[in-house]
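The values are calculated or read from the model by the stated rules, or taken from the named source; none is laboratory data. Since this is a predicted model, take the numbers as computed values, not measurements. When we count neighbours, we look across all protein chains shown, and the Cβ atoms used for this are built from the backbone with ideal geometry, even at glycine.
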């Protein structure tokens, strides 16, 4: 790790608000990842249905489609109380899952997961807006990189812990564990030192306010290409993910080998998160995102080579490259968006970036049944590289943007 990276990490962790936020991300992320795995296993055990088990993820993800609408709530009220309220609501709702003991009660689990996803959209929008004012602007890139590292780290550890708790005590105990993490996160958020004024009464209706976030993203010359590149990247990430088990089959391994490749990919994401802040300062958002996409696309294409060492290296490279465009895009949104618009703009960006992932997964699932996986992998890699071109065309402008005072648009 370079001296610059170490310096940045020390400064982020020394900042009180940054440290409290990251601690909250680690704690709540642990509970969320544990529940994500356990809920599907729970449904599978009660019903024996793979389709119903898959609906757990759909229930949690579906509210993301309403991100622009839900994000508007984060601009209509103070963000810190909203974060605390969302955490306490989820903690209380999770306790109702103690009544789920038969297939007839599964409707309650799906309802809680749906509310869980909706509250998560509001939570992320409020958090993104509050971070922009609570964390020093010079540390935003480092903070978002560390947040990515913490999230990916929990994805490596928490599912194993959740599976262990589920096997020993059942699904309700995992829900209790998640509820406890939300209570702890609430305490951490309550300790944040932020000054928030009460938002002015809206001058237009909810629909018009929601549209303002999308309009701001579309007309902003620096944010639009980054958000579009993020959406394109997640589209191809979904396509690449759908080929995952076919690639493993081509290597001659059992499906369980996926655990090895996922662990290596997670390690790459952790490393990328640690280096994101210094890389953003050196390259600017556009070039940083473009280089990350190029690395990911190249690795995805090279998966066409049926070799274990190549597969491991490609997994690490995908893990390192994929977060770059996400960190770049959402850091730019925080820096360039006026505070009054930031909640709905961040939520709209989240919807535009992550929704294509599901389209990619569905398309890849169909294509992998029709075409050779090596041909598909190579084609995905080449097509994915095209997403870097709009970002590289104006790289110099992106560098100047990155070196100016963090945004005049966001006085916080």
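Here is how the numbers come out for the structure above:
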{"item": "Set 268, 213: member being within 16 Å of residue 325 (Cβ to Cβ) and either modelled with pLDDT under 85 or part of a helix (DSSP H, G or I) (or both)", "result": "268"}
{"item": "Among the residues listed as 341, 391, 375, the single one being assigned by TED's automatic domain parsing to the domain that holds residue 226, exposed (fewer than 14 other Cβ atoms within 10 Å of the Cβ) and at pLDDT 80 or above", "result": "375"}
{"item": "Test result for residue 262, assigned to a helix (DSSP H, G or I), within 21 Å of the chain's Cα centre (by Cα), at pLDDT below 80 and within 18 Å of residue 322 (Cα to Cα)", "result": "yes"}
{"item": "Selection from region 363-372 of residues that are surrounded by fewer than 20 Cβ atoms within 10 Å (Cβ to Cβ) and touching a residue at least 40 places away in the same chain (Cβ under 8 Å)", "result": "363, 365, 367, 368"}
{"item": "Subset of region 245-263 [within 22 Å of residue 159 (Cα to Cα) and surrounded by fewer than 18 Cβ atoms within 10 Å (Cβ to Cβ)]", "result": "245, 254, 255, 256, 257, 258, 259, 260, 262, 263"}
{"item": "Residue 165 vs. criteria in contact (Cβ under 8 Å) with a residue 40 or more places away in the chain, part of a loop (DSSP other than H, G, I, E, B) and either closer than 23 Å to residue 71 by Cα or out of contact with any strand residue (DSSP E or B) (no Cβ under 6 Å at 6 or more places or on another chain) (or both)", "result": "no"}
{"item": "Single match in 106, 97, 113, 157 (criterion: closer than 25 Å to residue 343 by Cβ and either in contact with a helix residue (DSSP H, G or I) (Cβ under 8 Å, 6 or more places away or on another chain) or outside any helix (DSSP H, G or I) (or both))", "result": "113"}
{"item": "Test result for residue 376, within 29 Å of residue 153 (Cβ to Cβ) and touching a residue at least 24 places away in the same chain (Cβ under 8 Å)", "result": "no"}
{"item": "Test for residue 177: is it modelled with pLDDT under 90, closer than 29 Å to residue 261 by Cα and part of a helix (DSSP H, G or I)", "result": "no"}
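For every residue, the table says whether it meets (1) farther than 22 Å from residue 223 by Cβ; (2) in contact with a helix residue (DSSP H, G or I) (Cβ under 8 Å, 6 or more places away or on another chain); (3) part of a helix (DSSP H, G or I); (4) modelled with pLDDT under 90.
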{"position": "298", "(1), (2), (3), (4)": "yes, yes, yes, no"}
{"position": "314", "(1), (2), (3), (4)": "yes, yes, yes, no"}
{"position": "360", "(1), (2), (3), (4)": "yes, yes, yes, yes"}
{"position": "363", "(1), (2), (3), (4)": "yes, yes, yes, yes"}
{"position": "366", "(1), (2), (3), (4)": "yes, no, yes, yes"}
{"position": "383", "(1), (2), (3), (4)": "yes, yes, yes, no"}
{"position": "398", "(1), (2), (3), (4)": "no, yes, yes, yes"}
